[in-house]
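The values are calculated or read from the model by the stated rules, or taken from the named source; none is laboratory data. Treat the numbers as computed from the prediction; the structure is a model and nothing was measured. In this analysis, Cβ positions are derived from the backbone assuming ideal geometry, glycine residues included, and neighbour counts consider all displayed protein chains. Heavy atoms of the whole protein, side chains included, go into the accessibility calculation; ligands, DNA and RNA do not. Shrake-Rupley method; radii C 1.70, N 1.55, O 1.52, S 1.80 Å.
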Amino acid sequence: MFTFCKTITTTGNVRSQYDKALATVQTPRALIELNPVVTSIQQSATDSSMYTVTDSISVLGIPLSVSYVARFTNVPEGIDCHVDAGLGTQVENHWRVRTKSGELEEVGTGESEECVITETATVTGLFLVYPFVIPTFRSLHDSLMKNLVRKLEDK
């Protein structure tokens, strides 16, 4: 009753070989580094799928440093990520790479030059933080996707 659940989809069209796009999406550090507010990334010494990430954000004009834990799991067509962001906020991210035609490419063929990368994120949390969390998430993940497309299209 005092929580929210919102699904947000971000899509990027990219001119890149499928296996290059998939390899980049399946590299957690590469994805994390594309977020423009990230200031620190620490991979767990005991669990290589877990990262502690620190962001530098502004809330009502007040600069804050916020840390959260993200756990990544590679899947054949991309990567899944669970984020525990504190204050009851959690995110389930599903990153998928497909060819422009919507088909999965055979890994290693390298033939496709046009890919579609989609992030589907389900954000849940306390209703009180919704006015800040959702607009901030949308803005940062739009920037992250643009940065990913730029990175993959760099020669």
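Filtering the stretch 14-47 to residues that are touching a residue at least 60 places away in the same chain (Cβ under 8 Å) and open to solvent by 90 Å² or more (accessible area, probe 1.4 Å) leaves only Arg15. Scanning the stretch 81-96 for residues that are modelled with pLDDT of 95 or more and either more than 24 Å from Phe4 (Cα to Cα) or open to solvent by less than 40 Å² (accessible area, probe 1.4 Å) (or both) yields Cys81, Val83, Val91, Asn93, Trp95, Arg96. Within the option set Ala85, Ala30, being of a type in the set (Gly, Ala, Ser) and within 16 Å of Asn147 (Cα to Cα) holds for one residue only, Ala30.
Every residue in the stretch 48-67 that is surrounded by 13 or more Cβ atoms within 10 Å (Cβ to Cβ) and at pLDDT 95 or above, please. Scanning the stretch 48-67 gives Ser49, Met50, Tyr51, Thr52, Val53, Thr54.
Within this structure, Glu106 fails the test of being at pLDDT below 85, touching a Lys or Arg at 6+ places or on another chain (Cβ under 7 Å) and surrounded by fewer than 15 Cβ atoms within 10 Å (Cβ to Cβ).
Just one of the listed residues (Thr3, Thr10) is at pLDDT below 95, touching a strand residue (DSSP E or B) at 6+ places or on another chain (Cβ under 7 Å) and among the hydroxyl-bearing types (Ser, Thr, Tyr), namely Thr3. Within the stretch 109-131, track down each residue that is within 14 Å of Gln17 (Cα to Cα), modelled with pLDDT of 85 or more and open to solvent by 20 Å² or more (accessible area, probe 1.4 Å). Correct list: Glu114, Val116.
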